[in-house]
1. Could you please let me know if SER31 is buried (at least 24 other Cβ atoms within 10 Å of the Cβ) and either touching a residue at least 40 places away in the same chain (Cβ under 8 Å) or out of contact with any Phe, Trp or Tyr (no Cβ under 9 Å at 6 or more places or on another chain) (or both)?
2. Can you list the helices (runs of 4 or more DSSP H) found entirely within the stretch 116-202 that contain at least 1 residues being of a type in the set (Asp, Glu) and within 17 Å of the chain's Cα centre (by Cα)?
3. Can you name the number of the only condition in (1) more than 13 Å from the chain's Cα centre (by Cα); (2) modelled with pLDDT of 75 or more that SER93 fails?
4. May I ask you to verify whether ARG142 is touching a Ser or Thr at 6+ places or on another chain (Cβ under 9 Å), more than 24 Å from ARG37 (Cβ to Cβ), modelled with pLDDT of 85 or more and of a type in the set (Lys, Arg)?
5. When GLN66 is evaluated against the numbered criteria (1) modelled with pLDDT under 85; (2) in a helix (DSSP H, G or I); (3) farther than 22 Å from SER184 by Cβ; (4) not acidic (Asp, Glu), which criterion, by number, is the only one it fails?
6. Quick one: which of SER134, SER153 is touching a Lys or Arg at 6+ places or on another chain (Cβ under 7 Å) and either surrounded by fewer than 17 Cβ atoms within 10 Å (Cβ to Cβ) or touching a residue at least 40 places away in the same chain (Cβ under 8 Å) (or both)?
7. Do the conditions hold for GLY78, that is, is it touching a Leu at 6+ places or on another chain (Cβ under 7 Å), more than 30 Å from VAL140 (Cα to Cα) and either surrounded by fewer than 20 Cβ atoms within 10 Å (Cβ to Cβ) or small (Gly, Ala, Ser) (or both)?
8. Does the stretch 162-181 include one or more residues that are polar (S, T, N, Q), modelled with pLDDT under 80 and buried (at least 21 other Cβ atoms within 10 Å of the Cβ)?
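The values are calculated or read from the model by the stated rules, or taken from the named source; none is laboratory data. Here the structure is a predicted model, which means the values were calculated and not measured. In this analysis, Cβ positions are derived from the backbone assuming ideal geometry, glycine residues included, and neighbour counts consider all displayed protein chains.
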Amino acid sequence: MGVIIHAVVLAFGLILPLGVQNVFIFNQGMSQRSYARALPAIVTAGLSDTLLIGAAVGGVSLILLQWPLLASLLYAGGSVFLLYMAWSIWRSSGPANSSAAVLSAGRQIAFAASVSLLNPHALLDTVAVIGTSSLQYEGVARFYFAITAALVSWVWFLGLAGAGRLVGRTDRTGRVSVFFNRLSAIVMVGMAGMMLWKLIFS
């Protein structure tokens, strides 16, 4: 029971702060015509987090991030893609459920995967916190730790999209939807700027 509580507290501590991934999932729940249409983003984010957690617990991601060139490529690629996403979402800002504001399933998958897997901050958090914390457990206990942390991500994304859907349904003027679309774009630009700063000056 202790390992499960530890994993839940740790995973929620990492996932709760406002970030690109959270803003994007909330945005999709709000802007899609139904909850089911936001599932491509939800499932992709959940699978990406599960992959990262599994890699961190297994020690794979820690090994990969020891390569300076790979870290630089992550920062460069991630910042460019985030800027593209920010531009796309800002351009499509409009009332929820309008044709301009709705992303296709393919674009949801691409964007959700990029904010999850091309985000160096998320990778480093997963390695530094989830990966190192898992070292105190062995065998089945470490497996339970990883599974619990991954389940927290799934539950969070499902709930976050649901909250976005609720906001989208009650936003009759469309102003809240436009605000969150633009907030999402601004957060992405900010994250891209931080990545470029670290790439240039680190």
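1. yes
2. Once the helices (runs of 4 or more DSSP H) in the stretch 116-202 are filtered for at least 1 residues that are of a type in the set (Asp, Glu) and within 17 Å of the chain's Cα centre (by Cα), what remains is 120-125.
3. (2)
4. yes
5. GLN66 satisfies all of (1) modelled with pLDDT under 85; (2) in a helix (DSSP H, G or I); (3) farther than 22 Å from SER184 by Cβ; (4) not acidic (Asp, Glu) except (2).
6. Every option except SER134 fails the conditions.
7. Spelling it out, GLY78 is indeed touching a Leu at 6+ places or on another chain (Cβ under 7 Å), more than 30 Å from VAL140 (Cα to Cα) and either surrounded by fewer than 20 Cβ atoms within 10 Å (Cβ to Cβ) or small (Gly, Ala, Ser) (or both).
8. Checking the stretch 162-181: at least one residue is polar (S, T, N, Q), modelled with pLDDT under 80 and buried (at least 21 other Cβ atoms within 10 Å of the Cβ).
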